[in-house]
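**Q** Sending over a structure as structure tokens; questions will come in a sec.
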Amino acid sequence: MNPTTANYDEPWKEALTEYFEAFLYFFFPEVHQLIDWTKIPESLEKELKRITASAKTKKRFADKLYSVISYQLSVISYQ
């Protein structure tokens, strides 16, 4: 008989998916400012699975991968 193990990973992944922008705003405000939030971030989970499937180590740390559009503002003042 195998004991049932709790799945603590999935709820965090779902929360991150739902609140990705808020997560970055709270934990990484400098990064949040560099992202163009008028463009919807693209989840790249299939691509991440392909990358990690070929890894030689069993230890994995990245669970989510997103593609975002970033921009930097340059302010030039002429007097």
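**Q** Taking only the range 19-50 into account, find how many residues are open to solvent by less than 60 Å² (accessible area, probe 1.4 Å), within 15 Å of residue 63 (Cβ to Cβ) and touching a Leu at 6+ places or on another chain (Cβ under 8 Å).
**A** The number of residues fulfilling the criteria is 3.
**Q** OK, next. What are the pairs, 6+ residues apart or on separate chains, where a residue within the range 5-23 that is polar (S, T, N, Q) has its Cβ under 8 Å from a residue that is surrounded by 12 or more Cβ atoms within 10 Å (Cβ to Cβ) and not in a helix (DSSP H, G or I)?
**A** 17/43; 17/64
**Q** Just name the residue that is nearest to residue 66 (Cα to Cα) out of those in the range 4-18 that are open to solvent by 80 Å² or more (accessible area, probe 1.4 Å) and in a loop (DSSP other than H, G, I, E, B).
**A** Here the residue is 8.
**Q** While we're on this one: Please go through the range 14-53 and give me each residue that is among the basic types (Lys, Arg) and modelled with pLDDT under 85, ordered by number.
**A** Correct list: 46, 49, 50.
**Q** Restricting the range 54-68 to residues that are of a type outside the set (Ser, Thr, Tyr) and open to solvent by 80 Å² or more (accessible area, probe 1.4 Å), which is modelled with the highest pLDDT?
**A** Of the range 54-68, the ones of a type outside the set (Ser, Thr, Tyr) are 55-56, 58-65, 68.
Cutting the leftovers down to open to solvent by 80 Å² or more (accessible area, probe 1.4 Å) gives us 56, 58-61.
Numbers: 56: 71, 58: 66, 59: 64, 60: 58, 61: 60.
Top of the filtered list is 56.
The values are calculated or read from the model by the stated rules, or taken from the named source; none is laboratory data. These numbers were taken from a predicted model, which means no experiment stands behind them. With ideal geometry, Cβ positions are generated from the backbone for all residues, glycine too; neighbour counts draw on all protein chains shown. In case anyone asks, the SASA skips ligands and DNA or RNA and just uses the protein heavy atoms, side chains included. Shrake-Rupley method; radii C 1.70, N 1.55, O 1.52, S 1.80 Å.
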